[in-house]
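Trainee: What follows is a single structure, and I will ask about it in a moment.
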Amino acid sequence: MIRSLRVSNYALISDVEIDFEPGLDIITGETGAGKSILLGALSLLLGGRADTRVIADSSKKSVIEAVFDTSDAPGLDDILADNDIDADAAGEVILRRELSPSGRSRAFVNDTPVNLTVMRDIAMRLVDIHSQHQNMLLSDNNYQLAVIDSLADNRELLADYHRAYEVYKGILREYTATRDMIRRNRDDADFISYQLDEIKALSLVAGEQEALEEERAILENAGAINHDIAEALGALDGEDSGALSALGRATDACNGLADKNIGDISPLAERLESALIEVGDIARTLRDYESRYRDDPERLEVVEDRLGSIYSLELKHHVDDSDALIDLGERLARKLDAIENGDVVLEDLENRAKAAKRDAMVIARSISTARQTAAQAFASALEEEARPLGMKNLRCTIAITPTRLSPTGIDAVEFLFAFNKNSSPLPVRDTASGGEISRLMLVIKTIVGRKMQLPTIIFDEIDTGVSGDIASRIGVMMSRIAENIQVITITHLPQVAARGTSHYKVYKEDNDTSTETKLRRLDESGRIDEIAMMLSGDSSNAAARETARVLLSGIN
């Protein structure tokens, strides 16, 4: 249930806070007083679209916040946990929506920022708002189907079905795309084969272009490379003046000094020997390079021709290197394979699609069975609960007809009604008056609300178009619903208003600069005034006041 609602800086509301009670909460007020503004603010907590035009004072943000008792909201803890929202130990959930003058909208659940989808999912488990324009939904087959699914408790089955249906549709899309590709490729099969033969003719190896380019750079500079190698070898290993020859003589001399016991010469001789070995190794390495990097014009011409062939094909196919050509060849080969084996590929996809459709059909049939059962029970309950509301001859038929597999299953649902004994059941738009539609929607919401265990239902003038004894019966029905769940209703009927366990009046008040919407909870005296006003338009009318007392005393 809603424990409290606070609205600030929203349309004509400067700052209003309401503490609601369990049972039947009545909201009344003159037309234009701002009752719809309250509902508009509350709808933002259900994910409604934000509009900066409702911000009264553009220097500050608009805030709508509601505190809910969640003790009767099954499954809510799982949603909170899935979205990393801390659950309140006292069993409360606080929904808050903030609208900034810049147009930014922010949503919070228990002070945790969330997106509107999460807020809407949570709010839908806490409250259901029925406004007058929703009466048109009764003619909407999609809404009718949703009602039956709610009563059949098909939520989990539908989730399984949607997954299976998407698998089936995904394979169908793949089949269509593959079939179209094969058809296009068959027209181009010769050209694809020619392109593939060109690539195959090169017998490319991964990384080949990079290796050839490195080799070409070396071959193009072979003369300069050999010159530098010769210069280095001459300095290291010249016959008389090379470093190796000089190091050898120095080593021999130091070894001779060591034999003559002159000082500590041995370490010097050892270091010279090490240097001689190191320089000798460098010279041998240079000789290897000398043999490897000889000037070879014929090899350079081969490399240039090979690279030219690769570059030409890259330019033709708009790719960057030989590895990309290899990848292209593999793709072309797969295309040809698909063309040659297209019938096999399509047959495999067709078989997969049939299997996926069978899986979806199994679930769809289970959903359809549940719908048939729920529809029969719903039609009986609707007839029984509508009779006291002046529809004693009502007959309801829920027509469920088979359809092709669709996102909602294999059923089409249509509600058919007959209001007179000699009438045949027809779609509601062809047979019901506005008042009858309102009463039917009240009964439907009542049945669905009980089934779904919604903590709160809000009715926005659902009693429009009725009066007299029917108005009293609607009041009785609402009070009976309110024995199990919280009901908040905006009404113009005194018979309904008198049934409330708590009563709130919405009114306008002028100050020096503006007109503001206010709200106050009525005590017993205030309720007599308000109901008398609803009865006669004059709260001081003695007869109306007496009738108001009778209504309140007869009920309370």
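Trainee: Kindly identify the stretch 5-148 as rounded, prolate or oblate by the Cα gyration tensor criterion: order the square roots of the eigenvalues as a ≥ b ≥ c, call it rounded if a/c is under 1.5, otherwise compare a/b with b/c, prolate if a/b is larger, else oblate. Numbers along the way, then the final one.
Mentor: On the way: a/c = 1.43, a/b = 1.08, b/c = 1.33.
The shape class here is rounded.
Trainee: Another one. From the phi angles alone, apply the Karplus equation (6.51, -1.76, 1.60; θ = phi - 60°) to the stretch 372-389 and give each ³J(HN,Hα) in whole Hz, x where the residue is Gly or Pro.
Mentor: So the J values, rounded to whole Hz, are 4, 5, 5, 5, 5, 5, 5, 4, 5, 5, 5, 4, 5, 7, 7, 4, x, 9.
Trainee: If you take the Cα Rg of the stretch 161-266 and divide it by 2.2 N^0.38 Å, with N the number of residues, what do you get? Present the calculation step by step, with values, prior to reporting the outcome.
Mentor: Details: Rg = 36.1 Å, N = 106, 2.2 N^0.38 = 12.9 Å.
Taking N as the residue count of the stretch 161-266, the ratio is 2.79.
Trainee: Could I ask something else about it? For Asp295, which sequence-distant residues (separation of 5 or more, or a different chain) have an amide H within less than 5 Å of its own amide H, given hydrogens modelled in the peptide plane?
Mentor: Sorted by chain and number, the residues that satisfy this come to none at all.
Trainee: Next question, about the same structure. Can you give me the accessible area per residue for the stretch 280-344, using a 1.4 Å probe, in Å²? Numbers along the way, then the final one.
Mentor: Details: 4280 Å² over 65 residues.
Here the per-residue accessible area is 66 Å².
Trainee: Among 411-422, 18-29, 3-14, what's the highest-first ranking by average C-beta atoms within 10 angstrom per residue? Present the calculation step by step, with values, prior to reporting the outcome.
Mentor: Numbers: 411-422: 16.9, 18-29: 21.3, 3-14: 19.5.
Top to bottom by mean Cβ count within 10 Å: 18-29, 3-14, 411-422.
Trainee: Averaged per residue, what accessible surface does the stretch 1-77 expose to a 1.4 Å probe, in Å²? Kindly include the intermediate steps, with their values, before the conclusion.
Mentor: Values: 3290 Å² over 77 residues.
That works out to 43 Å² for each residue.
Trainee: Using amide H atoms built 1.01 Å from N in the peptide plane, name the residues 5+ places from Asp88, or on other chains, whose amide H lies under 5 Å from its own.
Mentor: Excluding prolines and chain starts, which carry no amide H, there are no hits.
Trainee: Assign unit charges at the C-beta atoms only (+1 for Lys and Arg, -1 for Asp and Glu), then state the dipole size of the chain relative to its Cα centre in Debye, rounded to the nearest 20. Intermediate values should be presented prior to the final figure.
Mentor: On the way: 63 positive and 96 negative charges, 1057 e Å.
That gives the chain a dipole magnitude of about 5080 debye.
Trainee: How far is helix 222-237 tilted off the main Cα axis of the chain, in degrees rounded to 10, range 0 to 90?
Mentor: 60
Trainee: Using per-residue counts of other Cβ atoms within 10 Å, averaged over each peptide, order 60-69, 430-439, 395-404, 185-194 from highest down. Provide the component values of the computation, followed by the final result.
Mentor: Working: 60-69: 20.6, 430-439: 17.8, 395-404: 14.8, 185-194: 13.2.
Per-residue mean Cβ counts within 10 Å order the peptides as 60-69, 430-439, 395-404, 185-194.
Trainee: Quick one: in the stretch 361-415, what % of C-alpha pairs are over 20 Å apart? Present the calculation step by step, with values, prior to reporting the outcome.
Mentor: Numbers: 515 of 1485 pairs.
Value for the stretch 361-415: 35 percent of Cα pairs lie more than 20 Å apart.
Trainee: Which values, in whole Å and largest first, are the semi-axes of the equivalent ellipsoid of the stretch 206-268 obtained as the square root of 5 times each eigenvalue of the Cα gyration tensor? Walk me through the numbers before you get to the answer.
Mentor: Numbers: eigenvalues 413, 46, 6 Å².
Values for the stretch 206-268, descending: 45, 15, 6 Å.
Trainee: Take the solvent-accessible surface of the protein heavy atoms, probe 1.4 Å, and return the percent of it on the stretch 401-556 that carbon and sulfur atoms account for. Provide the component values of the computation, followed by the final result.
Mentor: Values: 3270 of 7080 Å².
Taking all protein chains in place, the stretch 401-556 shows 46 percent carbon and sulfur surface.
Trainee: Please turn the phi angles of the stretch 475-485 into ³J(HN,Hα) values with the Karplus equation 6.51 cos²θ - 1.76 cosθ + 1.60 (θ = phi - 60°), one per residue in order, whole Hz, x for glycine and proline.
Mentor: Each residue's phi maps through the Karplus curve to give x, 4, 4, 4, 5, 5, 4, 5, 5, 10, 9 Hz.
Trainee: Defining a contact as two alpha carbons under 8 Å apart and six or more residues distant in sequence, what relative contact order in percent does the chain show? Intermediate results must be reported in sequence, preceding the final value.
Mentor: Values: 811 pairs, mean separation 122.1, N = 556.
It rounds to 22 percent for the chain.
Trainee: Computed over the Cα atoms of the stretch 282-326, what is the ratio Rg over Rh, Rh following Kirkwood? Can you show the working numbers first?
Mentor: Numbers: Rg = 16.4 Å, Rh = 12.9 Å.
Answer for the stretch 282-326: 1.27.
Trainee: A further question on this structure: Could you check how many percent of all C-alpha pairs in the stretch 227-380 are farther apart than 29 Å? Walk me through the numbers before you get to the answer.
Mentor: Working: 7913 of 11781 pairs.
Summing the P(r) tail past 29 Å for the stretch 227-380 gives 67 percent.
Trainee: Between 0 and 90 degrees, rounded to the nearest ten: what's the tilt of helix 208-220 against the longest Cα principal axis of the chain?
Mentor: In the chain, helix 208-220 runs at an angle near 30 degrees to the longest axis.
Trainee: Hey, another quick one. If you consider only alpha-carbon coordinates, what radius of gyration and Dmax does the stretch 319-475 have, in Å?
Mentor: 27.6, 89
Trainee: Another one. Determine, for each peptide in 34-44, 198-208, 142-152, the mean count of other beta carbons within 10 angstrom over its residues, then list the peptides with the highest first. Don't skip to the end; give the middle numbers.
Mentor: Numbers: 34-44: 22.0, 198-208: 13.9, 142-152: 19.2.
Packing order, densest peptide first, comes out as 34-44, 142-152, 198-208.
Trainee: Relative to the longest principal Cα axis of the chain, at what angle does helix 266-292 sit, 0 to 90 degrees, rounded to 10?
Mentor: The answer is roughly 80 degrees.
Trainee: While we're here: Regarding the stretch 421-556, what's the average projected area of the Cα-atom convex hull, expressed in nm²? Each step should come with its number before you reach the end.
Mentor: Working: hull surface 45.9 nm².
It is 11.5 nm².
Trainee: OK, next. Can you give the extra length, in nm with one decimal, that the chain gains between Gln372 and Glu301 once fully stretched, where that is 0.36 nm per residue apart less the Cα-Cα distance? Before the final figure, lay out each step's value.
Mentor: On the way: separation 71, 0.36 × 71 = 25.56 nm, distance 8.33 nm.
My answer for the length gained is 17.2 nm.
Trainee: Which FRET efficiency value, to the nearest 0.05, do you get for Asp264 and Glu290 by plugging their Cβ-Cβ distance into 1/(1 + (r/R0)^6) with R0 = 30 Å?
Mentor: 0.15
Trainee: Cα-Cα over 21 Å: which of Lys200/Lys335; Lys335/Lys357; Lys421/Lys445; Lys35/Lys518; Lys392/Lys421? Walk me through the numbers before you get to the answer.
Mentor: Details: Lys200/Lys335 15 Å; Lys335/Lys357 28 Å; Lys421/Lys445 25 Å; Lys35/Lys518 10 Å; Lys392/Lys421 10 Å.
Result: Lys335/Lys357; Lys421/Lys445 exceed 21 Å.
Trainee: Reachable aspartates and glutamates from Lys61, Cα under 18 Å, same-chain residues fewer than 8 places away excluded?
Mentor: Qualifying aspartates and glutamates at Cα under 18 Å: Asp15, Glu17, Asp51, Glu98, Asp111, Glu516.
Trainee: Can I ask one more? Ratio of Rg to Rh for the stretch 395-473, alpha carbon only, Kirkwood? Could the numbers behind the result be given before it?
Mentor: Working: Rg = 15.4 Å, Rh = 14.8 Å.
In the stretch 395-473, Rg relative to Rh is 1.04.
Trainee: Across the chain, how large is the tail of the calculated P(r) beyond 46 Å, expressed as a percent of all Cα pairs? Don't jump to the answer; show the numbers that get you there.
Mentor: On the way: 75928 of 154290 pairs.
Percent of Cα pairs beyond 46 Å in the chain: 49.
Trainee: Using the basic label-point model (7 angstrom from Cα toward the beta carbon), what is the Ala246 to Glu483 distance in nanometres?
Mentor: 11.8
Trainee: Could I ask something else about it? When only Cα pairs under 8 Å and 6 or more residues apart are kept, what is the percent relative contact order across the stretch 405-461?
Mentor: For the stretch 405-461, the relative contact order is 18 percent.
Trainee: With every protein chain present, what accessible area does Glu330 have (1.4 Å probe, heavy atoms only), rounded to the nearest 10 Å²?
Mentor: Ignoring ligands and nucleic acids, Glu330 comes out at about 100 Å².
The values are calculated or read from the model by the stated rules, or taken from the named source; none is laboratory data. These numbers were taken from a predicted model, which means no experiment stands behind them. Because the Cβ atoms are built from the backbone with ideal geometry, glycine has one as well, and the counts that use them run over all protein chains shown. For accessibility, only protein heavy atoms count, side chains too; no ligands or nucleic acids. Shrake-Rupley method; radii C 1.70, N 1.55, O 1.52, S 1.80 Å.
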